[in-house]
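> Okay, handing you the structure first.
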Amino acid sequence: MENLSKENKYIKARERVIQLKKFYANLWTYIVVISALALINYLTNGFSYAWFLWAAFGWGIGVFFHAIGTFDLNPFFGKNWEERKIRQFMQKEEENDKWR
């Protein structure tokens, strides 16, 4: 039983590391690509029209939501909420089983 618990903890920790790695890879790619676009924008028109900001804004929204999912920043439907609901449903199921 203890080995199973350790394995579950290891699997959860590994999944968390993979999730963090994906987020940081996304963030790093965002920084590099947007910086390159800003450089191209500067070299072509000297920021008279900062078109790279459109890409930065659009992709930035994606990075923002990725961060919310990765760091569990959603107060309504985050992982804590999921775990509470699972426990609540399990308790309700146990109570129903007692009366059978």
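> All but one of (1) closer than 20 Å to Phe71 by Cβ; (2) in contact with a helix residue (DSSP H, G or I) (Cβ under 7 Å, 6 or more places away or on another chain); (3) modelled with pLDDT under 95; (4) of a type outside the set (D, E, K, R) hold for Leu20; which doesn't?
(3)
> Right, another one. Based on this model, can you work out whether Asn41 counts as of a type in the set (S, T, N, Q), surrounded by 10 or more Cβ atoms within 10 Å (Cβ to Cβ) and within 15 Å of the chain's Cα centre (by Cα)?
no
> Tell me yes or no: at least one residue of region 1-20 is exposed (fewer than 13 other Cβ atoms within 10 Å of the Cβ), of a type outside the set (D, E, K, R), free of Cβ contacts under 8 Å to residues at least 40 places away in the same chain and outside any helix (DSSP H, G or I).
yes
> To continue, here is another question. Within the bounds of region 34-42, is there any residue that is of a type outside the set (S, T, N, Q), within 30 Å of Asn80 (Cβ to Cβ) and touching a Phe, Trp or Tyr at 6+ places or on another chain (Cβ under 6 Å)?
So in region 34-42, the residues of a type outside the set (S, T, N, Q) come out as 34, 36-40, 42.
Applying the additional criterion that residues be within 30 Å of Asn80 (Cβ to Cβ) yields none.
Within region 34-42, none of the residues are of a type outside the set (S, T, N, Q), within 30 Å of Asn80 (Cβ to Cβ) and touching a Phe, Trp or Tyr at 6+ places or on another chain (Cβ under 6 Å).
> Could you identify the single residue in Leu37, Leu73 that is not in a loop (DSSP other than H, G, I, E, B) and not hydroxyl-bearing (Ser, Thr, Tyr)? Steps first, answer last, please.
Numbers: Leu73 fails: not in a loop (DSSP other than H, G, I, E, B).
Every option except Leu37 fails the conditions.
> What is the residue count in region 40-67 for residues that are among the aromatic types (Phe, Trp, Tyr), at pLDDT 95 or above and assigned to a loop (DSSP other than H, G, I, E, B)?
Here the count works out to 2.
The values are calculated or read from the model by the stated rules, or taken from the named source; none is laboratory data. Bear in mind the structure is a predicted one, so any value in this text is a computation, not a measurement. Cβ atoms come from the backbone with ideal geometry, glycine included; neighbour counts cover every protein chain shown.
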